[in-house]
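**Q** I am attaching a structure below and will ask some questions about it afterwards.
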Amino acid sequence: MYRVFFQKSNLNYGPIIGGQVRTATYFKGFIKMFGSRMLHEISISDLEEYERVRSRFIKTNSLSKELRTLHYLFKQAEQMLASKKWKDKDGNPFHNPFNGFKIISEYDKRDRVLTYEEEERLLSVCAEPLKDIIQVALWTGMRQGEILSLEWNWIDLGENEINIPSSSKKSKRPHRLPIASKLRSLLLRRQLKTKGSSYVFPSPKTDNHLVNVNKGWRKALKNAGIKNLRFHDLRHSFASRLSNRGYSVQEIQLLLSHGDIRTTSRYLSPDKNKLREAVESVSREKSYGLSTDFLNE
């Protein structure tokens, strides 16, 4: 029933989620979990379980879009079945499980960042090239896919810049990123290691670049005793470290190549010690004649 309804429904999700999407991608995970069941057999508890499982593999905003797309699909099914006066074998009309189900907000923020102490532990257990890949992420804020697909012809060591073409950016906009001195040293070292390859991180098995570091990443986290950390959290860590050093949201937005400053704001996780220092600094200021006698009353 799922597959038939998905194929026959010519749905346009653009106005709902703010852009054109590949609906098949959103349905794939849902069909995998519930493909053998009928639409009317899905309950709110099933949706909650689906949300829990999917949250382990995709980001919050992606999960929100996925659920909203499915919600729209179920809404169309509800309207279609109501028009046909459909009922199950017990005589009950179709009940949309999304009625009463709260979809996670697209802008719910994950605030997990890598601490400096965790960074030291993590790098100490990493083998190459994972160690270099992690450091590139922490020093540039680049996504894993952008780092792994880095080509030497994108890197201008004369101008100390990385020029990422639009075809390799999630935003589909070219991005120019400055190279810090530590990153420059890392790149020079990798140039010697990767002679003959057009990639900074070539695959040892093919003529292409590395595709992912998932296996090595999980092993390194386990060996370092670090929990609840995704590779993408390194991008958040980069942004938060800049923010805690006093750089503006606009500057961080440019470095992350975000089109919307609200996206950048979701990446920032202020240091709790900095916040404590902030309120302490205010409390130490002179009261300028403000009476505090009422505190003794």
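Just so it is clear, none of the values below were taken in a lab; they were calculated from the coordinates. Fair warning: this is a prediction, and the values are worked out from it, not measured in the lab. Note that each Cβ is placed from the backbone with ideal geometry, even for glycine, and that neighbours are counted across all protein chains shown.
**Q** Where does segment 116-275 land on Rg(C-alpha)/(2.2 N^0.38 Å)? Before the final figure, lay out the partial values.
**A** Working: Rg = 15.7 Å, N = 160, 2.2 N^0.38 = 15.1 Å.
Relative to the 2.2 N^0.38 Å estimate, segment 116-275 comes out at 1.04.
**Q** Go through 32/222; 75/219; 59/195 and tell me which ones have a Cα-Cα distance over 31 Å in this structure.
**A** 75/219; 59/195
**Q** Between residue 104 and residue 182, what FRET efficiency comes out of the Förster formula 1/(1 + (r/R0)^6) with R0 = 35 Å and r the beta carbon distance, rounded to 0.05?
**A** 0.40
**Q** Right, something else. Where the only charges are on Cβ atoms (+1 Lys, Arg; -1 Asp, Glu), what is the dipole of segment 116-275 about its Cα centre, to the nearest 20 debye?
**A** Using Cβ point charges on Lys, Arg, Asp and Glu, segment 116-275 gives about 460 debye.
**Q** Per 0.36 nm of contour for each residue apart, how much would the distance between residue 123 and residue 86 grow if the chain were fully extended, relative to their Cα-Cα spacing?
**A** This chain segment gains 7.4 nm when fully extended.
**Q** Can you list the GluC sites (Glu not before Pro) in segment 117-182 that are in a DSSP coil and have 11 or fewer other beta carbons within 10 angstrom?
**A** Passing both the DSSP loop test and the Cβ count: 159.
**Q** Something else about it: Can you sort 194, 115, 69 by how many other beta carbons sit within 10 Å, fewest first?
**A** 115, 194, 69
**Q** Quickly rank 128-136, 212-220 as a protection proxy: mean count of other C-beta atoms within 10 Å, highest first. Don't skip to the answer; put the middle values down first.
**A** Numbers: 128-136: 19.8, 212-220: 14.8.
So the order, starting with the most tightly packed, is 128-136, 212-220.
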